[in-house]
Amino acid sequence: MEENTKNQQVINSRQYIVVKIGNEQFGIDIQYVENIVRMQRITRVPKAQNYFKGIINIRGEIIPVMSLRLKFGLRADEITNATRILIIKLEAQSAIGIIVDEVKEVVTLTEEDIDKVSNNDSEVRAQYLSGVGKHGDGLITVLNIAEVIMERDTIQ
């Protein structure tokens, strides 16, 4: 019986890459993270949304890059030695880069570790969250990365 419970926890657990944006820690489901690269020169694209910083070339693949800070309505990115671009792939053909202040660690969270966020939260960012995970003494805001990288601007 105890063995069965352990197997169930393994099935219900996921790994998240914990990143820092400002003073907050966010978790991104590791299954969507294809690569983590150092900050590099980004070629600007005219008439793009303000949170799209431009494009980069990684091994011959052109990848659009967005700033999570600007998407979340925070102040502009401060590029440091810890700044990274996470290459996210939701579908086989399309990749997008997201700028984060720092990549901290990989953690495993079970469904029991994550509290769901209520949808009636008036904060605009609430639509980008799938929950808040408890890890050690800290909290990790779990991002719904598919919602975050959607291009549509929300008008309510």
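The values are calculated or read from the model by the stated rules, or taken from the named source; none is laboratory data. This one's a predicted model, so the numbers in the text were calculated from it and none came from an experiment. Here the Cβ is made from the backbone with ideal geometry for all residues, glycine too, and neighbour counts use every protein chain on show. For the accessible areas, the whole protein counts, side chains as well, though only heavy atoms, and no ligand, DNA or RNA atoms are used. Shrake-Rupley method; radii C 1.70, N 1.55, O 1.52, S 1.80 Å.
The figures follow:
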quantity	calculated
Residues of the stretch 83-99 satisfying the condition of being outside any strand (DSSP E or B), in contact (Cβ under 8 Å) with a residue 24 or more places away in the chain and not β-branched (Val, Ile, Thr)	Leu90
The stretch 25-45: number of residues that are in a loop (DSSP other than H, G, I, E, B) and open to solvent by less than 70 Å² (accessible area, probe 1.4 Å)	4
Selection count where residues are surrounded by 14 or more Cβ atoms within 10 Å (Cβ to Cβ) and closer than 21 Å to Leu129 by Cβ, scope the stretch 57-73	7
Restricting the stretch 46-80 to residues that are in a loop (DSSP other than H, G, I, E, B) and β-branched (Val, Ile, Thr), the residue that is nearest to Val148 (Cα to Cα)	Ile79
Residue tally, condition closer than 19 Å to Ile58 by Cβ and surrounded by fewer than 20 Cβ atoms within 10 Å (Cβ to Cβ), over the stretch 100-116	1
Selected residue (only one of Gly97, Gly22 is closer than 19 Å to Leu143 by Cβ, in contact with a Lys or Arg (Cβ under 9 Å, 6 or more places away or on another chain), surrounded by fewer than 18 Cβ atoms within 10 Å (Cβ to Cβ) and small (Gly, Ala, Ser))	Gly22
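Listed here are the residues, each with its yes/no results for (1) modelled with pLDDT under 95; (2) of a type outside the set (D, E, K, R); (3) open to solvent by 50 Å² or more (accessible area, probe 1.4 Å).
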residue	(1), (2), (3)
Ile55	no, yes, yes
Arg75	yes, no, yes
Ile79	yes, yes, yes
Thr83	no, yes, no
Leu86	no, yes, no
Glu91	yes, no, yes
